[in-house]
1. Extension gain Val127-Gln25, at 0.36 nm per residue separation less the Cα-Cα distance, in nm?
2. With a 10 Å Cβ neighbour count serving as the proxy for reagent exposure, in which order, fewest first, do Ile107, Ile35 appear?
3. Going by Cβ distance under 4.7 Å, what cysteines of the chain have no possible disulfide partner?
4. Zone of Arg158 (label point 7 Å along Cα→Cβ, backbone N under 18 Å): which residues in segment 93-112?
5. Treat each spin label as a single point 7 Å out from the Cα along the C-beta direction, and report the Ile13 to Ile107 distance in nm.
6. What whole-number distance in Å separates the alpha-carbon centres of segment 113-162 and segment 11-56?
7. Given all pairs of different Cα atoms, what value in angstroms does the Kirkwood hydrodynamic radius of the chain take?
8. Tabulate in residue order the Karplus-calculated ³J(HN,Hα) for segment 223-240, using 6.51 cos²θ - 1.76 cosθ + 1.60 with θ = phi - 60°, rounded to whole Hz; enter x for Gly and Pro.
Amino acid sequence: ASYSYVPTTLSIILAARYSDILDPQEKFKRIMRGIQGALIVASILQIVVGFSGLWRNVVRLLSPLSAVPLVALAGFGLYELGFPLLAKCIEIGLPELILLLIFSQYIPHLMRGERHVFHRFAVIVSVVIVWIYAHFLTIGGAYKHTGTNTQNSCRTDRSGFIGGAPWIRVPYPFQWGPPTFHAGEAFAMMAISFVSLVESTGTYIAISRFASATPPPPSVLSRGIGWQGVGVLLCGLFGAGNGASVSVENAGLLALTRVGSRRVVQISAGFMI
């Protein structure tokens, strides 16, 4: 998903027509139905632009040179979300950053081999080590006498995601009810989806270079945008709350791990499903 959709989603959440609904559950369902309708309309634009070949005319204006600032600016925008969280719990965030740099940049040069384990699994290994370290701090009582914000940021037992989630839950279309369509929200989501298209196109070009593949021709990029529109349509049908897009974070992860196989993507998708 792309955080480009977040401003429009927030504007729908804060819309005045939902403010008079007192029941939190009913308010949530109404908001999700409004987001679903806006995503469905935006997906139609992407599908038409992509599969009709109209996006090829835009792709011809995007060279690898122009793709670099596109991906860089999109990635830099994520620093606003990541680094403040690191500062909220420096005793966990800083070791994670240091371990990630060591595993990805230094150990592969010291331990040369054919498998490149640390180069490819630097993120997973560092996250597992630091999470275990954070869990020991939690059960050891390191945060018993700290403030509420510190405990929420540093403790491993405060999110409640694992305990509150059911073991098996199968999503289905229109699980929040039939989508509602509002002209202002639909046009806003269409405008944001166009921004997402430019971001995704730049990421496609960057990924092809990271994977040492042939630069994708405009026709292939246009079809990719069309299938991205299908993904946004599925997000709208199933009530995902955000539109599908090419992940700039995964493009950076591809450059970090040097793993560009489609089989990895397929296995990862099956694991998440």
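1. Length gained, Val127 through Gln25: 33.3 nm.
2. Ile107, Ile35
3. Among the cysteines of the chain, those whose Cβ sits 4.7 Å or more from every other are Cys235.
4. 93-96
5. Going from the Ile13 label point to the Ile107 one covers 3.6 nm.
6. Using only Cα atoms to place each centre, the spacing works out to 35 Å.
7. Across the chain, the inverse of the average 1/r is 21.2 Å.
8. Working through the residues one at a time gives 5, x, 5, x, 5, 5, x, 4, x, 5, 4, 5, 4, x, 5, 8, x, 6 Hz.
Every number here is computed from the coordinates shown, using simple stated rules; none is lab data. As the structure is a prediction and not an experimental result, all values here were calculated from the model. Cβ: placed from backbone, ideal geometry, glycine included. Neighbour counts: every protein chain shown.
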